[in-house]
Structure formats: C-alpha cells, structure tokens
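To start, the structure under review is shown below, and the notes come after it.
The values are calculated or read from the model by the stated rules, or taken from the named source; none is laboratory data. This structure is a prediction, so every number in the text was calculated from the model and none was measured. As a convention, Cβ positions derive from the backbone with ideal geometry for all residues, glycine included, and neighbour counts pool all protein chains shown. SASA here: full protein model, heavy atoms, side chains in, ligands and nucleic acids out. Shrake-Rupley method; radii C 1.70, N 1.55, O 1.52, S 1.80 Å.
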Amino acid sequence: MKTKALYYPSIDIDNDRWLKSTLLYWDEINTIVPYSFKKFYYNETAMKLADLGVLRPYKMVPSSRVAKKTSIDFVKYLSTAEGKSIRINNNRGTENTILKKLMKKAHLHP
C-alpha cells in the first residue's frame, strides 16, 4: 500500500531539500490545487516528480462534499474563542473584514 502525504499550505514546493527528504518517508506527496488551475508546479524538481507521478495534485472542486464540510468546520472554528482572537485586529479592536466576509459566505476558492 502506498503511503501519501499532504503538503500544505502552498501548491508548488520550492524547497528541493525538503521535497527529496520527504520521499524517504512517503511514496507520494499531494498538494491541494483549485480545479481551475491548469499549471501548478514551476520548480524543476517538483515538475520532474510530478512527471513521475510522485508529486500529485489533489484537485479541489468548491462544490465537493469535502470542500463544503471544510468550510462549515472553518466557520465553526472562527466562532470559538481561539477563532475570535484571530478574527479581531488587536491594534484597533475591529474585526478582520476578509474573515468577516468568509464567515458570511464560506468559500474556499471562487
């Protein structure tokens, strides 16, 4: 059975050393890629590993069950005490407008 790792938060992995050493422990590395992206790996090592099928995109569609559940969980998290501390700008005591919009309409990618 293949072992898989999920690389987050970016799509392209520009740290060759990390990428190569990770393959000592995992058979496959996945990155979360919005469904609309046509090209997502620009690093030479990443492109070669993608050609070999070792680095693979996990295409995310906003309407998928996983995306919907994640967005619901994200909104719930932002309602917790820890989430509120992230939402509030401590310098001004005002709510982060980007996160405020996300809470009203949770979208992962347009």
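Listed values, structure above:
A quick yes/no check of all residues on (1) modelled with pLDDT under 90; (2) among the hydrophobic types (A, V, I, L, M, F, W, C); (3) touching a strand residue (DSSP E or B) at 6+ places or on another chain (Cβ under 6 Å):
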position: 35; (1), (2), (3): yes, no, yes
position: 41; (1), (2), (3): no, no, no
position: 45; (1), (2), (3): no, no, no
position: 49; (1), (2), (3): no, yes, yes
position: 66; (1), (2), (3): yes, yes, no
position: 76; (1), (2), (3): yes, no, no
position: 93; (1), (2), (3): yes, no, no
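Table: residues versus (1) open to solvent by 30 Å² or more (accessible area, probe 1.4 Å); (2) of a type in the set (Asp, Glu).
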{"residue": "14", "(1), (2)": "yes, yes"}
{"residue": "19", "(1), (2)": "no, no"}
{"residue": "35", "(1), (2)": "yes, no"}
{"residue": "38", "(1), (2)": "yes, no"}
{"residue": "41", "(1), (2)": "no, no"}
{"residue": "44", "(1), (2)": "yes, yes"}
{"residue": "52", "(1), (2)": "yes, no"}
{"residue": "55", "(1), (2)": "no, no"}
{"residue": "63", "(1), (2)": "yes, no"}
